[in-house]
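What follows is calculated from the coordinates using simple rules that are stated; it is not laboratory data. The structure displayed is predicted, hence computed values, not measured ones. Heads up, the Cβs are rebuilt from the backbone with ideal geometry, glycines too, and the neighbour counts pull from every protein chain shown.
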Amino acid sequence: MLNNIIRNKKIQGGIPCVQGTRVPVSSILLYLAQGWTADKIIDDYKAAGVPLKKTDIQAALEYTEEHLD
């Protein structure tokens, strides 16, 4: 799932994002930290026309776990 997360200087300045969405991993983490469910995050982005999926949220969590020092 980690290949769902990309870093590209031309997309959001190179911060880790969900591929094809421009959604930063950090935004997903902030929503989760505020108590949002995966479904609520997906619905919020869907309302803005962003096709976020549960696997994208899981990938963001896995990416964070792998890159924490």
In the chain, lysine pairs with alpha-carbon atoms under 24 angstrom apart (chain gap of 8 or more, or interchain) | 6
May I have the pair-distance distribution P(r) for region 2-67, computed from all Cα-Cα distances with 5 Å bins from 0 and rounded to whole percent?
-> 4, 19, 32, 26, 15, 3, 0
State, as an integer percentage, the relative contact order of the chain based on alpha-carbon contacts under 8 Å between residues 6 or more apart.
-> 35 percent
Report the extension gain between residue 8 and residue 55 in nm, rounded to one decimal, defined as 0.36 nm multiplied by the number of residues separating them, less their alpha carbon distance.
-> 14.9 nm
In what sequence do 56, 43 fall when counting other Cβ within 10 Å, fewest first?
-> 43, 56
How about the chain: which chymotrypsin sites (Phe, Trp or Tyr not before Pro) there lie in a loop by DSSP and see at most 16 other Cβ atoms within 10 Å?
-> 36
